[in-house]
Each structure stands twice: as C-alpha cells, then as structure tokens.
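Report on the structure given below.
The values are calculated or read from the model by the stated rules, or taken from the named source; none is laboratory data. Please read all numbers here as calculations on a predicted model, not as lab measurements. Virtual Cβ from ideal backbone geometry, glycine too; neighbours counted across all protein chains shown.
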Amino acid sequence: MKILLHICCATCAILPIRIMREANQSVTGFFYNPNIHPYTEFRKRIESVNDYAKASALEVFFNEEYGLEDFLAQVAQDPAGRCSFCYETRLRTTAEFAAANGFDAFSTSLLASPYQDHAVIRAFGQEFAELFDISFLYQDFRMAWDKAHKTARDLDLHQQMYCGCIYSEKDSFYPIKPN
C-alpha cells in the first residue's frame, strides 16, 4: 500500500514510519502545518523533518505555506476549539494531496502523540477519505512515545515543547494556575 503520511514534526513521525515500513507499506511524508508559531519554530520543524528524511531515506513533500494569519482568523473567537480546526485543515489538505497524487491511503503522525484527540482525528480522517475517495489509515501509534523521543535525541532532531500554535505555546510556557 502506498501511504501519504502527514507529518507534524520529525519526532512524531518516527514511529508511524517505522511501523508502516515493517508492514511493507510504502510511506511518503507530507509536511503541512500552517498553525505553527513563531515562524522560527516553523522553520526548525521543517529542517528537522528534512534531516530525518535524509537519515531514513524518506521522500517528503513540503508545503511551506505559512498560514498564521488565516489560522488565527479562524480560531481567535474560540481558542479552546482550535485543535479541531487544525486537524480538519491539515487532514483535508493531506487527503486531497494524496488523492491527486496516486496514493492508496493517508494518515497522520498526530496519531503518535498522547496529547492529541484520536476520536476527532479519526472522524476527520474518515470524512475526508470519503470526500476524496481514498482510504484513511487509522492506527494508534502512542505505544512507544518515549522510544520515539529517544530516537529523536539520538539523531539530534529538534524536539519542540508544545504542539505548535501560539495558544499551545502559551499553555506550555504560561500555564494557568488554579486559585
């Protein structure tokens, strides 16, 4: 099976790529993350994915559109609901790219993170699979989160401290304290 894997960051991509390859699936990466803030973090993640791609002989397509303004315009009225918009945007674009470029299925490295909502990701994946007439490959890749981080450290890959958007950056570095 020829799979397009949406990649949010190199660290999250390590385990899905390994598992898919062990299952004799052909995996190609797709970096599309218009939510990441600041721009310097966006560039670090692109460079890290590129470094990992070279180290693991992975072909990756990079959509380097920095869509911060659109992201903020869509989520500013409801920052708590931002993740749903993020999943929807990235999975729609990945599914559309996969269908247009002859892939059999698509998936996302977001499924490797214990911090992501698998039910929402899966629902959007299935919705866009139907819309673009392509399969969505759902698999829970969280089982070796720590091992993937160790591999990323061993490869000297950039490891971020937050999911990506300005709101998750704030949550990570300025957590709300209970009274």
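Quick look at the values:
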quantity: Residue in the range 59-78 that is in contact (Cβ under 8 Å) with a residue 60 or more places away in the chain and either surrounded by fewer than 16 Cβ atoms within 10 Å (Cβ to Cβ) or not in a helix (DSSP H, G or I) (or both) present; calculated: no
quantity: Qualifying residue in the range 138-158 (condition: without any contact (Cβ under 8 Å) to a residue 12 or more places away in the chain, charged (D, E, K, R) and closer than 26 Å to GLU65 by Cβ); calculated: no
quantity: Count of residues meeting criterion [crowded, with 17+ Cβ neighbours inside 10 Å and either free of Cβ contacts under 8 Å to residues at least 60 places away in the same chain or part of a helix (DSSP H, G or I) (or both)] in the range 93-107; calculated: 6
quantity: Hits in the range 19-42 - residues which are touching a Phe, Trp or Tyr at 6+ places or on another chain (Cβ under 9 Å) and more than 23 Å from LYS2 (Cα to Cα); calculated: PRO34, ASN35, ILE36, HIS37, TYR39, GLU41, PHE42
quantity: Residue in the range 144-160 that is at pLDDT 90 or above and either under 16 Å from the mean Cα position of the chain (by Cα) or closer than 14 Å to ALA10 by Cβ (or both) present; calculated: no
quantity: Test: ALA13 is out of contact with any helix residue (DSSP H, G or I) (no Cβ under 8 Å at 6 or more places or on another chain) and either of a type outside the set (Asp, Glu) or under 20 Å from LEU111 (Cα atoms) (or both); calculated: no
quantity: Hits in the range 21-55 - residues which are without any contact (Cβ under 8 Å) to a residue 60 or more places away in the chain and either aliphatic (A, V, I, L, M) or crowded, with 17+ Cβ neighbours inside 10 Å (or both); calculated: ALA23, GLN25, VAL27, GLY29, PHE31, PRO34, PHE42, ILE46, VAL49, ALA53
quantity: Some residue of the range 113-121 being modelled with pLDDT of 95 or more, under 15 Å from the mean Cα position of the chain (by Cα), surrounded by fewer than 18 Cβ atoms within 10 Å (Cβ to Cβ) and acidic (Asp, Glu); calculated: yes
